[in-house]
1. Please give the helix 310-320 orientation as an angle from the longest Cα principal axis of the chain, in degrees from 0 to 90, rounded to the nearest 10.
2. Rank by packing, highest mean first: peptides 221-227, 191-197, 244-250, with packing defined as the count of other Cβ atoms within 10 Å averaged across residues.
3. Kirkwood hydrodynamic radius, computed over distinct alpha-carbon pairs, for the chain: how many Å, to one decimal?
4. What 222 nm value per residue comes from the helices of the chain, counting each DSSP H run with n ≥ 4 as -39,500 (n - 2.57) and dividing by all residues, nearest 500 deg cm²/dmol?
5. Quick one: accessible area per residue over segment 23-123, 1.4 Å probe, rounded to a whole number of Å²?
6. If you fit an axis through the alpha-carbon atoms of helix 135-147 and take the longest principal axis of the Cα set of the chain, what angle between them do you get, 0 to 90°, nearest 10?
7. Please report, in debye to the nearest 20, how large the charge dipole of segment 89-146 is about its Cα centre when each Lys and Arg carries +1 at its beta carbon and each Asp and Glu carries -1 there.
8. Between segment 41-116 and segment 299-335, how far is it from one alpha carbon centroid to the other, in angstrom?
Amino acid sequence: MTLPATSRFQLTSDLGICRILNGMWQVSGGQGRIDPARAVEEMFTYHDAGFTTWDLADHYGPAEDFISAFRRGFAARNGTARLSEIQALTKWVPYPGRMIRRLVEEAVGTSLRRMGVDCLDLLQFHWWDYADNSYLDALRHLADLQAEGKIRYLALTNFDTEHLQIISEHDFRIVSNQVQYSLVDRRPESRMAEFCRGHAIGLLTYGTLLGGLLSEKYLGRPEPSRAELDTASLRKYKNMIDAWGGWALFQELLAALKRAADRHDVSIPNVGVRYILDRPAVAGVIIGARLGIAQHIADNSRVLGVVLDGDDVAFIDAVLRKSRDLMRLIGDCGDEYR
Ligand SMILES: NC(=O)c1ccc[n+]([C@@H]2O[C@H](COP(=O)([O-])OP(=O)(O)OC[C@H]3O[C@@H](n4cnc5c(N)ncnc54)[C@H](OP(=O)(O)O)[C@@H]3O)[C@@H](O)[C@H]2O)c1
């Protein structure tokens, strides 16, 4: 392990994760051509550098299969005893409809088979339609499967505070909620973070680097056209910047981040990730990895050593105060999907 001990976070007493997680949406298509063999080989580089935690989903193309291939290779090189060093956090994103036991069991069975594991470390559940409260049936079946040893811990993704509260009141033990959270999208600060803090629920954040827009590459650059944004991720977060305050204000933000980055001899992404890691209830930040195409392991390792001071934060916050309120514009976490 090359990362410091502060890189680790106990999501539960027996599930420790790296606070910077490797995001696998980037292997699902629309983000550059992924070569499976190269991608799996690169997973060793991440792991060996200390980035041992993977965020994936049933619908992220070959991501679950990559976990299986990586685990097989890892066991061959290092022995099966060391497989416990890997954390693979998947998601289940079902089509809306009735949630009967057989359907839930089949979905979990498919992930177990594809990932080549007997038990899922963490299953993050997504639900599209709050008007249909079958999500509570789904969670009941998931809790049963957990009791049967097929899932270690239950988690959610893109649930808003209101429904997270309903779920907590039904006595489901949820360990994390995965939400969009960045310097541009700070909706989790309105209600979500406080609720999570009070209920020992960790936030796993995505979009923190805005698909790569939050970096030196875009500092001082004219506004990119849709055609220039060549990944689904860049396009997704450019929309968020437009809603938040637009490209000119985003340039002010990048300049403030650059100032902080220069003061600490680090990069703009380092400052952007550190700021979010330091927020209440945040357990970890997921950074998308285009495996075999581009990697930023050395740079992202430096996040752990960054300590932002009051001057950095005040300078950044002065820009953020000029932005629109996305909570008012879009709604709580995940509302953009509904
Ligand atoms: N639950 C959900 O609904 C949901 C939604 C979206 C994402 N996610 C999760 O979150 C993960 C993160 O994905 P995201 O789309 O939000 O992207 P992101 O993490 O905001 O951006 C990832 C991109 O940032 C760039 N980058 C990373 N480190 C960098 C550094 N140090 N310097 C410069 N550039 C750097 C890379 O671009 P290049 O590759 O071009 O170098 C990388 O592809 C996904 O893989 C997925 O696991 C979940």
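1. Result, in degrees: 90.
2. Details: 221-227: 10.7, 191-197: 18.9, 244-250: 17.3.
Highest mean packing first, the order is 191-197, 244-250, 221-227.
3. 20.5
4. So the helix-based figure for the chain works out to -12000 deg cm²/dmol.
5. Numbers: 4380 Å² over 101 residues.
So segment 23-123 comes to 43 Å² accessible per residue, rounded to a whole number.
6. 60
7. Rounded to the nearest 20 debye, it is 120 debye.
8. 31
The values are calculated or read from the model by the stated rules, or taken from the named source; none is laboratory data. Nothing here was measured: the structure is a model prediction, and the numbers come from that model. Backbone-built Cβ (ideal geometry, glycine too); neighbour counts: all protein chains shown. For the accessible areas, the whole protein counts, side chains as well, though only heavy atoms, and no ligand, DNA or RNA atoms are used. Shrake-Rupley method; radii C 1.70, N 1.55, O 1.52, S 1.80 Å.
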